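Working notes, structure below.
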């Protein structure tokens with residue numbers, strides 16, 4: 001499946017995979033992601049939502065849109081089919097207005113994940129050391145404070161354990177002001193799976209899992225972004 | 001063709017050495033530097049004007065490498081870049097073990113001619129498996145064998161530090177400054193452009209070298225980062241490795257579209273790599289020397305509780321500050337320790353809470369220092385011991401009454417040999433720089449790790465403690 005998804009993107013001369021494609025690859029690699037399906041019509045979206053279970057999140061799927069929220073392409077917490085039909089139309093209207101020339105493939109449907117501490121996991125390629133993994137807390141921690149830890153692939157279990165504890169914001173994951181403690185084993189296991197994934201797929205140039213919800217009962221990636229290398 | 005270990009060993013631990021193309025204009029630097037070499041040293045020079053000056057140094061000169069009556073293990077080549085390929089061919093023909101190409105003006109210039117000449121040198125050396133060091137480097141320093149590239153470098157002393165440097169200057173400065181701290185190299189290599197042998201090759205050699213106890217490295221970038229990463233992982237599992245990364249490599253210039261890529265700065269990746277392989281990062285020459293010193297001369301502890309001995313109340317405070325800033329704790333001592341200290345400690349102008357403000361007590365009777373050490377050694381609240389040696393008060397006294405300094409050294413060495421707890425001393429030079437330097441070198445030679453400031457001592461002990469005891 002991974003090879004086919006990448007081949008399909010290459011055939012279309014795309015380096016950015018859609019969220020749906022990225023999550024297919026990750027699910028196959030054993031990384032826990034929210035199941036996400038592509039709908040090209042309202043009826044298809046409603047059918048997916050019925051199977052996945054409400055509430056759901058709807059997100060526009062387009063190669064030419066980098067930041068989906070900026071063009072009004074995201075609806076969260078959609079409670080039932082009636083709400084879904086309205087939300088689908090709202091996305092369509094807003095995106096058409098904000099990005100009239102965007103090439104839109106459809107709308108992705110996924111169940112709303114139960115929130116937890118938001119963390120970010122990522123892959124990038126270093127010129128000297130090849131694939132590297134990143135871990136950090138999401139939101140302001142990563143964007144403003146750049147509070148992240150890196151390791152070079154392949155990771156050993158000890159590396160995963162150390163990088164989770166290395167960030168300044170680690171106490172947040174141990175439970176902080178009412179936020180329950182995150183399941184660190186689940187985060188570490190996700191890092192190790194990503195390490196294997198990066199090693200097996202040298203065509204992955206960049207990957208962000210942002211956010212990953214780290215909860216007491218596990219960790220799940222609710223958004224994923226994969227960029228392929230320029231040449232295969 | 002890979003350079004064999006046998007060939008590399010011939011180059012880095014040579015029995016016969018030759019210098020090709022040394023000149024009066026450079027003060028015969030190479031020949032003079034290599035004069036103390038323990039085995040036969042030859043010169044190769046064809047210029048009739050240069051030969052008498054070389055012979056005056058008492059070094060036999062030959063017109064060609066192949067004329068030398070024995071096989072050369074290590075050669076230094078200081079010829080202009082255009083001639084370098086011919087000399088390297090000559091080394092291959094004469095079955096020289098390895099050669100240092102001091103010559104610069106190769107790929108590092110970015111000029112076509114430089115890149116072309118470097119490729120030519122590679123094409124000659126690589127298929128022959130020649131252990132080529134450089135080009136654009138200072139090469140090899142083995143003080144135990146009298147191999148040097150600078151006349152101020154030590155010789156006749158067997159060191160225990162392996163040092164790998166991409167830069168000639170930092171390699172040289174490490175050997176010179178290290179010697180002023182009583183630290184000597186087993187093998188030091190400045191490898192420059194590293195076209196045949198690169199950092200990983202020297203690291204592997206030093207990991208297996210029985211003389212080398214600890215390895216330091218100055219590096220700016222790696223040609224094969226994956227190999228360096230794997231090699232460092234293996235080497236750091238055998239011996240402590242301390243890495244100083246200089247400079248920032250430019251990014252690839254590609255469009256970055258993820259958070260991960262935008263945060264992955266060169267510095268962040270190197271720091272992560274160093275941590276991941278089990279080495280420790282330092283950021284300048286002084287810190288390199290400090291951490292190597294602490295690694296070699298202090299015992300390891302898993303704990304972080306210090307007993308501190310100071311000479312005044314003011315120093316007790318800032319000594320504590322310096323160590324606590326680096327994550328050390330300065331706890332109260334056990335009741336048993338306090339009971340013992342109360343029997344003899346002079347509390348007029350002194351205190352024994354921890355730090356122990358002990359100048360008065362030791363001044364009263366030098367034996368009290370041994371008692372203090374015995375108490376700290378037994379105290380279960382204490383994992384390591386630090387001591388302030390005051391240049392302000394003591395430098396002149398030590399000069400006037402050297403027996404007092406001897407006595408202090410005896411006490412420190414006694415504690416270090418009897419206790420499993422790490423010990424280190426801080427000797428700030430104050431207004432007595434020269435006296436402090438003399439005292440520090442003496443202490444170092446006696447195996448007592450001594451640092452020029454509290455902060456440097458605290459940092460060195462912390463970083464050395466993060467290195468596994470291997």
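Just so it is clear, none of the values below were taken in a lab; they were calculated from the coordinates. Bear in mind the structure is a predicted one, so any value in this text is a computation, not a measurement. All Cβ positions, even for glycine, are placed from backbone atoms using ideal geometry, and neighbour counts span all protein chains on display.
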Subject >> Percent of Cα pairs exceeding the 16 Å cut-off, where the set is segment A:1-90 >> reply: 59 percent
**OP:** For chain A, set up a Gaussian network in which alpha carbons nearer than 10 Å are linked by springs, and say which option among A:181, A:83, A:29 fluctuates the most.
**Re:** A:83
**OP:** Quickly rank B:216-226, A:49-59 as a protection proxy: mean count of other C-beta atoms within 10 Å, highest first.
**Re:** B:216-226, A:49-59
**OP:** With a Förster radius of 30 Å, plug the Cβ-Cβ distance of residue B:343 and residue B:434 into 1/(1 + (r/R0)^6) and report the FRET value to the nearest 0.05.
**Re:** 0.15
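Compute the Cα gyration tensor for segment B:228-335, then decide on rounded, prolate or oblate, letting a ≥ b ≥ c be the square roots of its eigenvalues: rounded whenever a/c is under 1.5, prolate when a/b is larger than b/c in the other cases, and oblate in all that remain.
Prolate.
If you count, for every residue in B:159-170, the Cβ atoms of partner chains within 10 Å of its Cβ, what is the mean?
The per-residue average across the peptide is 0.
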Original post:
Using alpha-carbon positions, what is the distance between the centroids of segment A:202-231 and segment B:126-188, in Å?
Top reply: 46 Å
**OP:** Once you have all Cα-Cα distances for segment B:1-134, histogram them in 5 Å bins from zero and send the whole-percent values.
**Re:** 2, 11, 21, 23, 20, 14, 7, 2, 0
Original post:
How well do other chains shield peptide B:270-283, expressed as the mean number of their Cβ atoms within 10 Å of each residue Cβ?
Top reply: 3
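Please give the per residue volume of the convex hull enclosing the alpha carbon atoms of segment B:379-439, rounded to a whole number of Å³.
87 Å³
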Subject >> Compactness of segment B:276-388 - radius of gyration and Dmax, Cα, Å >> reply: 15.6, 51
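Would you mind giving the mean number of other chain beta-carbons within 10 Å of the Cβ of each residue in A:126-137, as a whole number? Don't skip to the answer; put the middle values down first.
Values: counts 13, 10, 13, 12, 3, 1, 8, 3, 9, 1, 3, 0.
Per residue, the average neighbour count from other chains is 6.
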Subject >> Kirkwood-type radius of segment B:300-466, with distances r between different C-alpha atoms, in Å >> reply: 15.8 Å
**OP:** Would you kindly calculate the mean projected area, averaged across all directions, of the convex hull enclosing the Cα atoms of segment B:21-97, in square nanometres?
**Re:** 4.9 nm²
Subject >> For chain B, the spread of Cα positions along each principal axis, largest first, Å >> reply: 78, 65, 35
Subject >> Where labels lie 7 Å past Cα in the beta-carbon direction, separation of residue B:111 and residue B:211 in nm >> reply: 3.7 nm
Subject >> FRET efficiency, 1/(1 + (r/R0)^6) with R0 56 Å, evaluated for residue B:6 and residue A:11 via beta carbons >> reply: 0.60
Original post:
When the helices in chain A are scored as -39500 (n - 2.57) per DSSP H run of 4 or longer and the sum is shared across all residues, what 222 nm value do you end up with, to the nearest 500 deg cm²/dmol?
Top reply: -11000 deg cm²/dmol
Subject >> Relative packing of B:450-459, B:396-405, A:184-193, which averages over residues the other C-beta atoms within 10 Å, highest first >> reply: B:450-459, A:184-193, B:396-405
Subject >> Global geometry of segment B:137-297, whether rounded, prolate or oblate, following the gyration tensor of its Cα atoms and the 1.5 cut on a/c >> reply: prolate
Subject >> Debye intensity ratio I(q)/I(0), log10, segment B:1-49, q values 0.18, 0.28 Å⁻¹ (C-alpha model) >> reply: -0.66, -1.04
**OP:** Averaging over all projection directions, find the projected area of the Cα convex hull of segment A:117-228 and quote it in nm² with one decimal place.
**Re:** 6.5 nm²
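Could you tell me what % of all Cα pairs in segment B:302-362 have separations over 17 Å?
Cα-Cα pairs of segment B:302-362 separated by over 17 Å account for 38 percent.
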**OP:** Please label the shape of segment A:45-160 as rounded, prolate or oblate, based on the square roots a ≥ b ≥ c of the eigenvalues of the alpha-carbon gyration tensor (a/c under 1.5 means rounded; beyond that, a/b larger than b/c means prolate, else oblate).
**Re:** prolate
Original post:
Could you give the angle, 0 to 90 degrees to the nearest 10, between helix B:454-466's Cα long axis and the longest principal axis of the Cα atoms of chain B?
Top reply: 70 degrees
Original post:
Relative to the longest principal axis of chain A, what angle (0 to 90°, nearest 10) does the C-alpha long axis of helix A:19-28 take?
Top reply: 50 degrees
Subject >> chain B, helix-only ellipticity at 222 nm - DSSP H runs n ≥ 4, -39,500 (n - 2.57), divided by all residues, nearest 500 >> reply: -13000 deg cm²/dmol
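Could you give the C-alpha radius of gyration of the protein assembly as shown expressed as a fraction of 2.2 N^0.38 Å, taking N as the number of residues it contains?
Taking N as the residue count of the protein assembly as shown, the ratio is 1.20.
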Original post:
So how do B:167-176, A:35-44 stack up, highest first, on mean other-Cβ count within 10 Å?
Top reply: B:167-176, A:35-44
Original post:
So what's segment B:104-175 giving for Cα Rg divided by 2.2 N^0.38 Å, two decimals?
Top reply: 1.33
Subject >> Nearest 10 degrees, 0 to 90: helix B:433-445 Cα axis against chain B principal axis >> reply: 80 degrees
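So if R0 is 41 Å, what FRET efficiency would residue B:353 and residue A:185 give, r being the distance between their Cβ atoms, rounded to the nearest 0.05?
It comes to 0.40.
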**OP:** Take the alpha-carbon positions of segment B:89-213, form their convex hull, and give its projected area averaged over all directions (one quarter of the hull surface) in nm².
**Re:** 7.8 nm²
Original post:
For chain B, what is the percent of antiparallel DSSP beta bridges, rounded to the nearest 5?
Top reply: 10 percent
